[in-house]
């Protein structure tokens, strides 16, 4: 064991001396590995960060243990035939459906309703385009876990009596009431004056799209302004995770009974829940990782080719040294180990520096964008294992070539 230790230590010492004797060449050799490892880790951090960002934003928008029933809620892309069938089959959902469901879903902590439209709003000479007008029941603030930063949300009696009140999003406040208190102010929707009673906390953009440019009004008021023939969305929330699936099934059966669907007839409505959205996001990011990660690993292969070329050059340059060492008793194994250690050490150092570069780039992205870059242990292990493995593979042929040199021929080549 002691003899093996000295054997390895001697080979390692010579390898390191060679590296430090040619610092510039060693650094240029490292660049390929550094860039390759940094690429793999940054791409992995971006994919994980995007996944976390989307899931956290979806939870922020939809709330937890929340599901939605809409006229159309197909998961994936519609074919023309599917869309035509759905238009013929799926019924418009109404407030009567909401009231029916609210009475027949015992495992639902709350059942709410929402209707959507968009308008261009004008106020005191300013205009805001494409503002979402959301007619809601009072309990939507709890179902979707909305946060009210100023004032309050709509009250149940205001929904019952079609009150002329509204709650505005953060972007609407900044556009129309910048620098002043909006509570108690009047905002016209379709020329009907609405009293502002609350402001929702600003959530920021989601994937480049504004999600704070909306106004909440009572859903009954919405019906008077936009007509009662528009379909609405039904929203349910389970009390806990264990009752979530049961609540969804109860809601589904309740609506099927109301719509008189029997046997194997397809639902004439669609159900979307946070779990389904999360699974779609996971599937999407998983496919991205499956395609992008092998491409970034190619940069490590290129780095390995650079290491192999440099090691072959090193063998050629040090032919006399190798011959001299073999002439004084160095074994093939020592020569082989020397060059393997040299190539592996270069790749390992490149891997560590690549990780440091990736950490720096991730930090810059994290502080300049909303994307929470997440460097996971799996990607760190993958990049270091691949870089180390490439170092060994890239060094095998040059090391073997060096170990096979005839000492007499090597000495005479100088």
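The numbers here are math on the coordinates, done by the rules we state, and not lab data. Bear in mind that the values here come from a model prediction, so they are computed numbers and not experimental data. Note that we place each Cβ from the backbone using ideal geometry, even for glycine, and neighbour counts take in every protein chain shown.
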Full-stretch length increase - residue 230, residue 253 - with 0.36 nm per residue and alpha-carbon distance subtracted: 6.0 nm
Protection proxy ranking, peptides 172-180, 346-354, 121-129, average beta carbon neighbours within 10 Å, highest first: 346-354, 172-180, 121-129
Computed lengthening from residue 84 to residue 264, 0.36 nm per intervening residue step minus Cα-Cα distance: 62.8 nm
Least to most buried among 149, 39 (fewest other Cβ within 10 Å first): 149, 39
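Could you put 194, 140 in order, starting from the residue whose Cβ has the fewest other Cβ atoms within 10 Å?
In order of increasing Cβ crowding within 10 Å: 194, 140.
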Enclosed volume per residue, in Å³, of the convex hull spanned by Cα atoms of the stretch 151-248: 157 Å³
Residue 191 paired with residue 124, simple spin-label distance in nm, labels 7 Å along Cα-to-beta-carbon: 2.3 nm
Average Cα contact separation per residue, the stretch 170-256, under 8 Å, 6 or more apart, as relative contact order %: 21 percent
